[in-house]
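See below for the structure under consideration.
The values are calculated or read from the model by the stated rules, or taken from the named source; none is laboratory data. Everything quoted here is computed from the prediction, not taken from an experiment. Virtual Cβ from ideal backbone geometry, glycine too; neighbours counted across all protein chains shown. Protein only, heavy atoms only, side chains kept; ligands, DNA and RNA dropped before computing areas. Shrake-Rupley method; radii C 1.70, N 1.55, O 1.52, S 1.80 Å.
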Amino acid sequence: MARPVLLAVDDDADVLRAVERDLRRHYGGEFRVLGAPGGEEALDALRRLKQRGDAVALFLVDQRMPRMTGVEFLERAIRLYPDARRVLLTAYADTDAAIRAINDTHVHHYLLKPWDPPEEQLYPVLDDLLDDWRATRPPQLEAVRIVGHRWSPQAHAIKDFLARNGVPYSWLDLEAGPEAAALLEQTGLADARLPVVLLAEGEPLQDPTPVEVAERVGFQMKAGLPFYDLAIVGGGPAGLAAAVYGASEGLRTLLIEREAPGGQAGQSSRIENYLGFPAGLSGADLARRATAQARKFGVEILSPLEACGLRLDGPYRHLQMRDGSEISCHSLIITSGVSYRTLDVPGVERLTGAGVYYGAAMTEAMSCRDVGVYIVGGGNSAGQAAMFFSQYASQVTILVRGEGVAATMSSYLIDQIDRTPNVRVQPFTQVVEAHGNGNLEALSLLRSDTGERETVPASAVFIFIGAAPRTEWLEGVVARDRYGFIPTGPELMQDGRRPRGWTADRDPFLLEASVPGVFAAGDVRAGSVKRVASGVGEGAIAVSFIHQYLARL
């Protein structure tokens, strides 16, 4: 198979030669470097590459070209290679044009000329973008193959689990063609319980749980040490930040995640207001980068593994796990975040995973091609999902109970929705029933302003209606408010008195819960700001208090 292509486009021959030279020197072992002196020549080359089935990983394009600007070229090139990373080469005077291109053409980055030295100004940027491209590239080797029916909740759960954990897989739909049935016949599994998961080694799995798949794929689910300085429950942005800072500062650090690193934020299709990423990044990208960073510093990550209890023994905190094991530590940070609330109307529970989904469920994007989908909710997650599915669906309808999304959604998302012709907001509307025999076929909607009820055809609905913490496992040990969130620091103090059962001879630290040495950060903490950046900040801050706590033991 031919190596993927890095395509450089510049009408200045000297600049083009310099770009090609620098690209070949650093990336020539993995990629082919091609150059073109203008947009039309580059498009001709792309068409030939497409005909041969070759992959293109990166466009590095000059903005100021006389016959076709860089942005004009990219607008046409992404129709051929929508997944290729896009970088503009600009002069300082073109900075405003480059920023507009980020918003309008989804350019991933822009670089100012000259880029010398490339070791500082070019390669770090391209390394990052190419890592992203590799992570989203379809698997070349089908190490994990899933065979089943499109509307199977069990198949959806496995696909979603593998995708969120960054495990490449191929999906074979029995209703899409003969290939899936032929594979089952060839492997002697024609009568197997579906879905079937075929792995590179070992026996196939019939109708497995995600945990069973994780065990066979090779996830670490057992602690490697008998004791840790710091244990973290929850692998969202707050937990990953705490893990990075804890391990980088010398603490033996363990992170435990019940589903997939990234948490709820990891399901976001595009986060555009996170500092330092002007082109935005997906929640999956953020989770992948943060997980790699944590592992670089020696963090041990157990997933999927769920904490179900906490036991105190003097200065020791013992986490009781769902699999019956116990993990001991000196200090604990709870960063378990929140989970989407379920929509309690007839038909929804029965059809969950078969057309009804919670969160963005990006694994279902291709099945939404050229059909209408519904988004329930008016927050940022709903807006991000709407923009993501607008690339596939013929129509995306956002259903909100109130008069609109102005009070609940960031203005940048509202602006994007207003500019996207196949996305519309339908106010004063709620889902009152889901219909379907085996899969979602229709939704009953109620207009609160008119009392009108209508039933509309629907094959997919994605629900974002608020979230609740999963902290029941702390009952009787760590104080929680009436909603299940964990109060910390000053919120625990009442009339200047420390919380009941407090054993330390000091007031609780800022992010410390009602038990000394137990901290909470991110969305699970009472009063927190529900933003990725604030979760990252709280996770980092919590580690500084951990050091103060450990110094007093």
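Output the residue which, of all residues in the range 393-405 that are over 16 Å from Ile463 (Cβ atoms) and out of contact with any Asp or Glu (no Cβ under 8 Å at 6 or more places or on another chain), is surrounded by the fewest Cβ atoms within 10 Å (Cβ to Cβ).
It comes out as Glu403.
What number of residues within the range 476-505 satisfy the criterion of being part of a loop (DSSP other than H, G, I, E, B) and either of a type in the set (Val, Ile, Thr) or within 26 Å of Gly314 (Cβ to Cβ) (or both)? Lay out the reasoning, then the answer.
We begin by selecting, within the range 476-505, every residue part of a loop (DSSP other than H, G, I, E, B); these are 476-485, 487-488, 493, 495-496, 498-505.
Adding the requirement that they be either of a type in the set (Val, Ile, Thr) or within 26 Å of Gly314 (Cβ to Cβ) (or both) leaves 476-480, 487-488, 493, 498-505.
The number of residues fulfilling the criteria is 16.
May I ask you to list the residues in the range 508-553 that are out of contact with any Phe, Trp or Tyr (no Cβ under 7 Å at 6 or more places or on another chain), buried (at least 17 other Cβ atoms within 10 Å of the Cβ) and among the charged types (D, E, K, R)?
Those that are out of contact with any Phe, Trp or Tyr (no Cβ under 7 Å at 6 or more places or on another chain), buried (at least 17 other Cβ atoms within 10 Å of the Cβ) and among the charged types (D, E, K, R): Asp523, Arg531, Glu538.
Per-residue answers, yes or no, for (1) within 28 Å of Ile546 (Cα to Cα); (2) modelled with pLDDT of 95 or more:
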residue: Gln186; (1), (2): no, no
residue: Leu194; (1), (2): no, yes
residue: Gly202; (1), (2): no, no
residue: Gln206; (1), (2): no, yes
residue: Val217; (1), (2): no, no
residue: Met221; (1), (2): yes, no
residue: Phe227; (1), (2): yes, yes
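Just to be sure I understand the filter: pairs with C-beta atoms under 6 Å, separated by 6 or more residues or on different chains, first member in the range 244-260 and within 14 Å of Ile327 (Cβ to Cβ), second member hydroxyl-bearing (Ser, Thr, Tyr). Which pairs pass?
Listed by first residue and then by second, the contacts come to Arg252/Tyr228; Leu254/Tyr228; Glu257/Ser303.
With a cut-off of at least 3 residues that are over 22 Å from His156 (Cβ atoms), name the strands (runs of 3 or more DSSP E) lying wholly within the range 279-359.
Details: elements: 300-302, 307-313, 316-321, 326-334, 338-340, 356-358.
In the range 279-359, the matching strands (runs of 3 or more DSSP E) lie at 300-302, 307-313, 316-321, 326-334.
Hey, among Val244, Val211, which residue is under 23 Å from the mean Cα position of the chain (by Cα), within 24 Å of Ile486 (Cβ to Cβ) and open to solvent by 10 Å² or more (accessible area, probe 1.4 Å)? If you could, list the steps in order and put the result at the bottom.
Details: Val211 fails: within 24 Å of Ile486 (Cβ to Cβ).
Testing whether each residue is under 23 Å from the mean Cα position of the chain (by Cα), within 24 Å of Ile486 (Cβ to Cβ) and open to solvent by 10 Å² or more (accessible area, probe 1.4 Å) leaves just Val244.
Could you check how many residues of the range 1-16 are surrounded by fewer than 20 Cβ atoms within 10 Å (Cβ to Cβ) and either in contact (Cβ under 8 Å) with a residue 12 or more places away in the chain or touching a strand residue (DSSP E or B) at 6+ places or on another chain (Cβ under 6 Å) (or both)? Spell out the reasoning first.
The first filter runs over the range 1-16 and keeps only residues surrounded by fewer than 20 Cβ atoms within 10 Å (Cβ to Cβ), leaving 1-3, 11-16.
So of that shortlist, the ones also either in contact (Cβ under 8 Å) with a residue 12 or more places away in the chain or touching a strand residue (DSSP E or B) at 6+ places or on another chain (Cβ under 6 Å) (or both) come out as 1-3, 11-13, 15-16.
The number of residues fulfilling the criteria is 8.
Each row is one residue, and each column tells you yes or no for (1) in contact (Cβ under 8 Å) with a residue 24 or more places away in the chain; (2) touching a Cys at 6+ places or on another chain (Cβ under 8 Å).
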| residue | (1), (2) |
| --- | --- |
| Arg453 | no, no |
| Ser459 | yes, yes |
| Thr488 | yes, no |
| Pro516 | yes, no |
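Any residue at all in the range 406-427 that is touching a residue at least 60 places away in the same chain (Cβ under 8 Å), open to solvent by 20 Å² or more (accessible area, probe 1.4 Å), among the small types (Gly, Ala, Ser) and assigned to a loop (DSSP other than H, G, I, E, B)?
Yes - at least one qualifying residue is present in the range 406-427.
Just to be sure I understand the filter: pairs with C-beta atoms under 7 Å, separated by 6 or more residues or on different chains, first member in the range 168-185 and of a type in the set (Ser, Thr, Tyr), second member surrounded by fewer than 20 Cβ atoms within 10 Å (Cβ to Cβ) and modelled with pLDDT of 90 or more. Which pairs pass?
From residues that are of a type in the set (Ser, Thr, Tyr), the pairs are Tyr169/Arg145; Ser170/Arg145.
Are any residues in the range 266-278 open to solvent by less than 20 Å² (accessible area, probe 1.4 Å) and not hydroxyl-bearing (Ser, Thr, Tyr), and if so, which ones?
Step one: list which residues in the range 266-278 are open to solvent by less than 20 Å² (accessible area, probe 1.4 Å), which gives 266, 268-269, 271.
Correct list: Gly266, Ile271.
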